[in-house]
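Working notes for the structure below.
The values are calculated or read from the model by the stated rules, or taken from the named source; none is laboratory data. All of these numbers come straight from a predicted model, not from anything done at the bench. Please note: Cβ atoms are built from the backbone with ideal geometry, for glycine as well, and neighbour counts cover all protein chains shown. Ligands, DNA and RNA are excluded from the accessible area calculation, which covers all protein heavy atoms including side chains. Shrake-Rupley method; radii C 1.70, N 1.55, O 1.52, S 1.80 Å.
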There are 2 protein chains.
Amino acid sequence: MDKISLLNGVEDNHGGIVVNLMKVKPMTVDEFDSKLDVSLKAWKDQGKKGIWIKLPSELSSLVNTALKRGFTYHHAENEYVMLTYWLPEPPSTLPANASHRIGIGAFVLNKNREMLVVQENSGYFKNTGVWKVPTGTIKEGEGIWAGAVREVKEETNIETRFVEVLAFRESHKAVWQRKTDIFFICELEASTFEITKQDSEIFGAKWMPVEEYANQPYHAKKENEMFKLIANICLKRWQEKGYTGFSTVLAMNSSKGSLYCNADHANLLNGKPDQDSTLTSI
Amino acid sequence: MDKISLLNGVEDNHGGIVVNLMKVKPMTVDEFDSKLDVSLKAWKDQGKKGIWIKLPSELSSLVNTALKRGFTYHHAENEYVMLTYWLPEPPSTLPANASHRIGIGAFVLNKNREMLVVQENSGYFKNTGVWKVPTGTIKEGEGIWAGAVREVKEETNIETRFVEVLAFRESHKAVWQRKTDIFFICELEASTFEITKQDSEIFGAKWMPVEEYANQPYHAKKENEMFKLIANICLKRWQEKGYTGFSTVLAMNSSKGSLYCNADHANLLNGKPDQDSTLTSI
């Protein structure tokens, strides 16, 4: 009998093995099963801990085989599924899957110090008559401030500059009944005035006095306390500059992300907010 | 020929169908394939948009079949994989998978105003001699402040109370080369003094003057600018109370999460920080 070769794996920094099958030639279920069997025995003998297999969509016929050998799902993205097997005694110390989704709400003020509000065609506020701040989800690899600027532009065509994060809210089990949503309320300064709404998502968009926004009957209802607190933070910020949020600091390596801290401190360190220099690099 | 019944799906709020197979009887690949075929035709005729199939690990033999019919992976967790199919013309407006992982660093001060520092047995700082703040990853469904308190307890056995978020840092492509990590620097106040380190993860742990921490040679290197900025924020906070972070607000529905805003404003709204009341509910 020919000797069966091991699956081609790379050691990681935590005593584990990563098998990346994204660019391998197709293999049959039987071939994969034999290789997996001898590989697992070898890795166990070597005292390996966490085993990772990254399987492209094209090899989805092998998923079942790996699960039968003791693997479990770890995470998946459009083009692949990641499987893991913790060889030693439990508990496993394998890092968890991505656990959060990040959203933004944009508190946009124009030169008249009115705020930008919208009504949406779908979702929670559909047909309620409630005027809300533009909201959206941060894309994979996108910065919070950059996502806020993008969403406002997409929904209303208003150009803005990021000023500060005013507050953020955690909502547990908000996504797939298990993942947490963190929603950042960002203050932005409008540099254009003419609204052109995006028709598919947005039912209406206009400039509104901040007090009128905060005083909508919706905010007075007990179950909407979280929204009222957020509206009050916007109002507080509008009434006086005494409310300080978190702004971005210009760091050498800010193309890989930003540091957000107390805006006074950020100004001290910066001279200027960092998005001016990194907007085009994201 | 018998009429093939459709897969049992539930309409969602966005014109789509959710097929949950978590608790169905096992079915053969052929049976699933026939049902999927007639179901997809019916849903197309009905003008349905996004189709979701939640497949438990036990039914992993069906993954390949669904992908052949045009489904793609959306996300996966230990016990299931979620598959999606966008029936109309692109672009799909299906919501994205979880995109972020959330970490914390804990700036813990004792009554002598010294800070808690650790050295780790593995990871980036192994064998570097660098003293760092205790760090960790927020668990699924856990609040930021609660995770900070938990990590400090696990690593050093020190009991703490959450005070404020001092700053946060985004690092893009930090997880699986694609997901963003957001790292919250939290100030905590120690209520105990005796350190008992957790041996498997922690090499050393002690109380250190804040200036000594900030002045470690590591922080002077150019490539460590982000760490230096963070150390400077801790130092600034320690030197004067003029640095204000974000604290939590006690809201009616805070068991589902917290609102974090400027600490002065939070104190005004609260009277007290909200974790006192929700610690046991998480």
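May I ask you to find the residues of segment A:47-73 that are shielded by at least 50 Å² of accessible area once the whole protein assembly is considered instead of their isolated chain (probe 1.4 Å)?
So the qualifying set is A:60, A:64, A:73.
Any idea of the accessible area per residue across chain A, 1.4 Å probe, to the nearest Å²?
Per-residue accessible area for chain A comes out at 47 Å².
Longer than 30 Å from Cα to Cα, which of A:139/B:139; B:23/B:139; B:126/B:228; A:68/B:153 are they? Say none if no pair is.
Where the Cα-Cα span goes over 30 Å, the pairs concerned are A:68/B:153.
Which whole-Hz couplings ³J(HN,Hα) result when phi for each residue of segment B:92-108 is put into the Karplus expression 6.51 cos²θ - 1.76 cosθ + 1.60, θ = phi - 60°, listed in order with x for Gly and Pro?
Each residue of segment B:92-108 in turn: 5, 10, 4, x, 6, 5, 3, 10, 10, 10, 10, x, 9, x, 10, 9, 9 Hz.
Given the C-alpha centroids of segment A:1-80 and segment A:158-209, what is the distance between them in whole angstrom?
If we compute the Cα centre of each part, the gap is 43 Å.
For segment B:1-137, what is the charge dipole size about the Cα centre, in debye to the nearest 20, if Lys and Arg each add +1 at the Cβ and Asp and Glu each add -1 at the Cβ?
Working: 16 positive and 14 negative charges, 91 e Å.
Here segment B:1-137 has a charge dipole of around 440 debye.
Relative to the Cα centre, what is the charge dipole magnitude of segment A:84-215, using +1 at the beta carbon of each Lys and Arg, -1 at the beta carbon of each Asp and Glu, and rounding to the nearest 20 debye? Don't skip to the answer; put the middle values down first.
Details: 15 positive and 19 negative charges, 51 e Å.
Rounded to the nearest 20 debye, it is 240 debye.
Taking the full set of protein chains and a 1.4 angstrom probe, give the accessible area of residue B:30 in square angstrom, rounded to the nearest 10.
Only protein atoms counted, so the area is about 120 Å².
Rolling a 1.4 angstrom probe over the protein chains, ignoring ligands and nucleic acids, what is the accessible area of residue A:80 in square angstrom, nearest 10?
About 10 Å², rounded to the nearest 10.
If I model a spin label at residue B:122 and residue A:206 as a point 7 Å from the Cα along the Cα→Cβ vector, what separation in nanometres do I get?
Going by the 7 Å Cα→Cβ label model, 5.9 nm.
With a Cα-only, solvent-free Debye model of the protein assembly as shown, what are the log10 I(q)/I(0) values at q = 0.06, 0.07, 0.12, 0.13 Å⁻¹?
With no solvent term, the Cα-only Debye profile gives -0.34, -0.47, -1.27, -1.40.
Helix A:225-239 versus the longest principal axis of chain A: what is the Cα-based angle in degrees, 0 to 90, to the nearest 10?
50 degrees
List, by residue number, every residue in segment A:169-214 with a reduction of 20 Å² or greater in accessible area between the chain on its own and the complete protein assembly, 1.4 Å probe.
Buried by 20 Å² or more upon assembly, which counts only protein chains, are A:170, A:172, A:176, A:178, A:179, A:182, A:184.
From the label point of residue A:191, set 7 Å from Cα along Cα→Cβ, how far away are the matching label points in the other copies, in nm, ordered shortest to longest?
Result for residue A:191, in nm, nearest copy first: 4.9.
Could you look at segment A:1-113 and say what percent of its accessible area is carbon and sulfur, using a 1.4 Å probe and all protein chains?
Of all accessible area on segment A:1-113, carbon and sulfur atoms account for 50 percent.
Sequence-distant or interchain residues sharing an amide H contact under 5 Å with residue B:12, placed H: which?
Result for residue B:12 returns B:17, B:18.
Using protein chains only (no ligands, no nucleic acids) and a 1.4 Å probe, work out which residues of segment B:100-135 have their accessible area cut by at least 50 Å² relative to the chain alone.
Buried by the other chains: B:100, B:101.
Please report, for residue B:91, the nm distances (one decimal) from its label point, 7 Å out from Cα along the beta-carbon direction, to the equivalent points in the remaining copies, shortest first.
Label-point separations across copies, in nm and ascending: 4.1.
Would you work out the relative contact order for segment B:116-206, in percent, from Cα pairs under 8 angstrom that are 6 or more residues apart?
33 percent
Which value, in square angstrom to the nearest 100, describes the accessible area buried between chains A and B on both sides, using a 1.4 angstrom probe?
The buried area between A and B, both sides summed, comes to about 7000 Å².
Which of the aspartates and glutamates could a cross-linker bridge to residue A:236, judged by Cα under 19 Å and excluding same-chain residues fewer than eight apart?
A:114, A:164, A:187, A:189, A:211, A:212, A:225, A:264, B:264
When ranked by the protection proxy of mean other Cβ atoms within 10 Å per residue, highest first, what sequence do the peptides B:215-221, A:54-60 form? Display every interim value, and only then the final one.
Details: B:215-221: 13.4, A:54-60: 19.4.
Highest to lowest by the protection proxy: A:54-60, B:215-221.
Only Lys, Arg, Asp and Glu count, each charged at its Cβ (+1, +1, -1, -1), so figure out the dipole size of chain A about its Cα centre, rounded to 20 debye.
Value, rounded to 20: 500 debye.
Which percentage, to the nearest 5, of the DSSP beta bridges contained in chain A is antiparallel?
Working: 42 of 56 bridges.
Roughly 75 percent of the DSSP beta bridges within chain A come out antiparallel.
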